[in-house]
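Working notes for the structure below.
Read-outs throughout are calculated quantities, based only on the coordinates presented, and are distinct from any laboratory measurement. Please read all numbers here as calculations on a predicted model, not as lab measurements. Here the Cβ is made from the backbone with ideal geometry for all residues, glycine too, and neighbour counts use every protein chain on show.
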Amino acid sequence: MAWITLQDLNIPIGGRCDQALEWGRMSTTIRKATSADVPVILEFIRALAVYEREPDAVSATEGGLLRDGFGPNPFYFCLIAEHDGAPAGFALYFFNYSTWMGRPGLYLEDLFVHPEFRGLGIGKALLQQVAAIAVENNCPRLQWEVLDWNTPAIDFYRAMGAEFLDEWRNVRVTGEALARLAGAPIQERGEAAADGNGSAESRQ
């Protein structure tokens, strides 16, 4: 897990949601995704899964992404980077909450740039734009995860000022285990919480 306090990033602050960068005659534009981008978002997600060595792990569908990201109460938000008009990268994020700070935070779920567009500063520009959105929403913290073998990403995030929380462990319940947990009697759930000190420290 990694996070960054937003003072560490040199980011543009203002009401701007779109950003344009230029290299010679080529240009990169970063903009908010629309419902029409759902097929492209799914392509990015699948490409990221291939890069992270889990090509068969994606079960997301265009219908689900459309429902969850572009309805009246979206569960996620997305930025699309286009280089010379071609989809180059994306950042998908949502808001969480820190009870210790008493403030909302921003969680970056996915950040990905297609290999042929790397080295152009697109990943950095996406991360900076997400950070700017966090600042505009009065979030003191931007947080995400990175695989321990992904050295290029780790080096990139460290250069951007990110702090790595090696003492924390991610906790996840899925599938049948989640169903069993949800169906457990109230008393049993209470006992389980007591056995675990009733703490969900990841909410820091």
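Placing +1 on the Cβ of every Lys and Arg and -1 on the Cβ of every Asp and Glu, with nothing else charged, gives segment 2-169 a dipole about its Cα centre of roughly 420 debye. Relative to the current alpha-carbon distance between Ile154 and Asn138, full extension at 0.36 nm per residue lengthens the span by 3.1 nm. With each label modelled as a point 7 angstrom along the Cα→C-beta vector, the Arg103-Val171 pair spans 2.5 nm. Placing dummy labels 7 Å off each Cα toward the beta-carbon, the span from Asn73 to Phe164 is 3.8 nm.
Please compute the net charge surrounding Phe94, taking Lys and Arg as +1 and Asp and Glu as -1 over other residues with Cβ under 11 Å from its Cβ.
Summing Lys/Arg as +1 and Asp/Glu as -1 gives -3.
Approximating the spin labels as points 7 Å out from Cα along Cα→Cβ, the Asn96-to-Tyr51 distance works out to 2.1 nm. Phi-derived couplings, Karplus 6.51 cos²θ - 1.76 cosθ + 1.60 at θ = phi - 60°, listed residue by residue for segment 119-134: x, 9, x, 6, x, 5, 5, 4, 5, 5, 5, 4, 4, 4, 5, 4 Hz, with x used for Gly and Pro.
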